Amino acid sequence: MDPFAYGYATDVKEAITEGGAPNTVFLAGGTELLNWLRLGIAKPARVIDLTRLKGLANIARLPHGGLRIGALARLNDIALNEHVARDYPVLSQAILKSASAQLRNLATIGGNLFQKTRCGYFRAEESLPCNKRNPGSGCSALNGINDRHAIFGWSEACVATQPSDPATALAALDAVFVTAHKEGERRIKAVDFHTLPGSTPHIENTLRNGELIVGIELPAAAPHSAYLKLRERESYEYAIVSAAVALDLDADRITRARIALGSVAHRPWRLAEAEHSLVNVSASDNAAIRKIIGASFGDAKPLTHNAYKIMLAKNAAARAIRLAARNLS
Ligand SMILES: Cc1cc2nc3c(=O)[nH]c(=O)nc-3n(C[C@H](O)[C@H](O)[C@H](O)COP(=O)(O)OP(=O)(O)OC[C@H]3O[C@@H](n4cnc5c(N)ncnc54)[C@H](O)[C@@H]3O)c2cc1C
Ligand code: SF4
């Protein structure tokens, strides 16, 4: 590990001023950053600790409905918050299926959005061709071990997926990320936050240098929502695929559907076509739901070893719709 300078920010202004300096990174819970430092994925000159920032861990109702979650709120505090658990079960469930209880006690929701792919070539201890880690060096996974990689939106430069469970739930909820930067505040839709790899897979989101996420705003309650995560073991494992669903219902009839898939692309993947086609469909009409979900996979493009993910993702989405309609996890 290379040496680096370490400092605390005591308010947001100081954080964005200090964070804008060259080769500077923020530290929130540290559960992801410390792995990057150990593996040499990040070699910062300066680390700015955010944990002394006041008020950024609060969870509060918004005056006109909805909820604001501070970026420094710990994952377990969010999942177990009564408003989140009751009004946004998809988020609570996604968080409780993330990492381990110990990690969730320390990890923040802001830091979770920045976690990097689990691609083994990217996280390797020795240097392997990887455009995300060393731009221009190639993509070892494209024709290598790619069974856990993307089925949507990948490029020849990178076929990695974004593994965050909460980010998938937030994309389905139409959440908005509120940021602070020396040039002013921004509001970024969760679905627009992560980018596709294109020819620059080392760029993973739309934040500017030194920009800080200060809060996450959730719109009106989504009690009919659910998160389904398929993984190799039921505890403490990243998703093979996941599905986050939020429904508006009139009795059994779907009046609005929002569906985001996780671990299938470089960002949470909304199924816009299916969302449109599900309007006026009965939530108990499994055959119709399966047909609509199946038809929305036209853009899916499997790699050599991951065609199985298409079927899993279709099943996950259809089943998450049923769970959301019943408000079950
Ligand atoms: C073994 C293991 C298993 C895991 N399993 C899962 C899983 O199944 N599902 C899942 O979703 N996650 C999983 N995670 C990821 C875990 O949830 C993240 O490590 C965690 O959420 C990161 O939060 P943090 O606060 O520790 O971030 P940090 O490590 O402190 O920060 C990471 C980076 O995020 C940036 N950052 C942090 N906060 C902000 C902010 N407010 N504004 C701007 N930039 C910011 C900085 O660049 C920082 O360097 C796992 C992690 C580990 C180590
Ligand atoms: S998929 Fe992306 S992260 Fe993995 S080796 Fe290729 S470029 Fe690197």
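The values are calculated or read from the model by the stated rules, or taken from the named source; none is laboratory data. The structure presented is a predicted model; accordingly, all values stated were derived computationally and were not measured. Here the Cβ is made from the backbone with ideal geometry for all residues, glycine too, and neighbour counts use every protein chain on show.
Any idea which of Ala239, Ala141 is under 27 Å from Gln102 (Cα atoms) and at pLDDT 95 or above?
After ruling out the rest, the residue left standing is Ala239.
Could you tell me which of the residues Gly65, Gly30, Gly7 is in a loop (DSSP other than H, G, I, E, B), of a type in the set (Gly, Ala, Ser) and either surrounded by fewer than 14 Cβ atoms within 10 Å (Cβ to Cβ) or away from ligand 1 (no atom under 12 Å from the Cβ) (or both)?
Gly65
If Ala15 satisfies all but one of (1) more than 24 Å from Pro268 (Cβ to Cβ); (2) surrounded by fewer than 19 Cβ atoms within 10 Å (Cβ to Cβ); (3) within 14 Å of ligand 1 (Cβ to nearest atom); (4) of a type outside the set (Val, Ile, Thr), what's the number of the condition it fails?
Single failed check for Ala15: (2).
Every residue in region 33-48 that is buried (at least 17 other Cβ atoms within 10 Å of the Cβ), in contact with a Phe, Trp or Tyr (Cβ under 7 Å, 6 or more places away or on another chain) and either outside any loop (DSSP other than H, G, I, E, B) or of a type in the set (Asp, Glu) (or both), please.
Val47, Ile48
Please verify whether region 97-120 includes one or more residues that are in contact with a strand residue (DSSP E or B) (Cβ under 7 Å, 6 or more places away or on another chain) and within 16 Å of ligand 2 (Cβ to nearest atom).
No, region 97-120 contains no residue that is in contact with a strand residue (DSSP E or B) (Cβ under 7 Å, 6 or more places away or on another chain) and within 16 Å of ligand 2 (Cβ to nearest atom).
So which pairs qualify, if the first residue must be in region 7-27 and farther than 15 Å from Lys182 by Cα and touching a residue at least 12 places away in the same chain (Cβ under 8 Å), the second must be part of a loop (DSSP other than H, G, I, E, B) and among the aromatic types (Phe, Trp, Tyr), the Cβ gap must be under 9 Å, and the two must be at least 6 apart or on different chains?
Asn23/Phe4; Val25/Phe4; Phe26/Phe114
Starting from region 132-146, keep only residues that are among the hydroxyl-bearing types (Ser, Thr, Tyr), then list their pairs with residues that are not in a loop (DSSP other than H, G, I, E, B) whose Cβ atoms are within a distance under 9 Å, requiring at least 6 positions of separation or different chains.
Close Cβ pairs satisfying both conditions: Ser137/Cys130; Ser140/Cys130.
Could we say that Gly55 is buried (at least 18 other Cβ atoms within 10 Å of the Cβ) and away from ligand 2 (no atom under 16 Å from the Cβ) here?
So Gly55 does not fit the description; no.
Mind listing just one residue for me: the one in region 199-212 that is of a type outside the set (Asp, Glu) and within 16 Å of ligand 2 (Cβ to nearest atom) and, of those, surrounded by the most Cβ atoms within 10 Å (Cβ to Cβ)?
Pro201
Does region 248-261 contain any residue that is in a helix (DSSP H, G or I) and away from ligand 2 (no atom under 16 Å from the Cβ)?
No, there is no match, as no residue in region 248-261 is in a helix (DSSP H, G or I) and away from ligand 2 (no atom under 16 Å from the Cβ).
So, Ala313, is that one loosely packed, with under 15 Cβ neighbours inside 10 Å and either modelled with pLDDT of 95 or more or out of contact with any Pro (no Cβ under 6 Å at 6 or more places or on another chain) (or both) or not?
It is false that Ala313 is loosely packed, with under 15 Cβ neighbours inside 10 Å and either modelled with pLDDT of 95 or more or out of contact with any Pro (no Cβ under 6 Å at 6 or more places or on another chain) (or both).
Take the residues of region 142-170 that are buried (at least 19 other Cβ atoms within 10 Å of the Cβ) and of a type in the set (D, E, K, R): which is nearest to Thr108 (Cα to Cα)?
Looking at residues that are buried (at least 19 other Cβ atoms within 10 Å of the Cβ) and of a type in the set (D, E, K, R), I get Asp165.
What number of residues within region 166-198 are within 16 Å of ligand 2 (Cβ to nearest atom) and touching a residue at least 60 places away in the same chain (Cβ under 8 Å)?
Qualifying residue count, region 166-198: 4.
Would you point out the residue of region 103-140, among those that are part of a loop (DSSP other than H, G, I, E, B) and touching a Gly at 6+ places or on another chain (Cβ under 8 Å), that is farthest from ligand 1 (Cβ to nearest atom)?
Per the criteria, the residue is Pro129.
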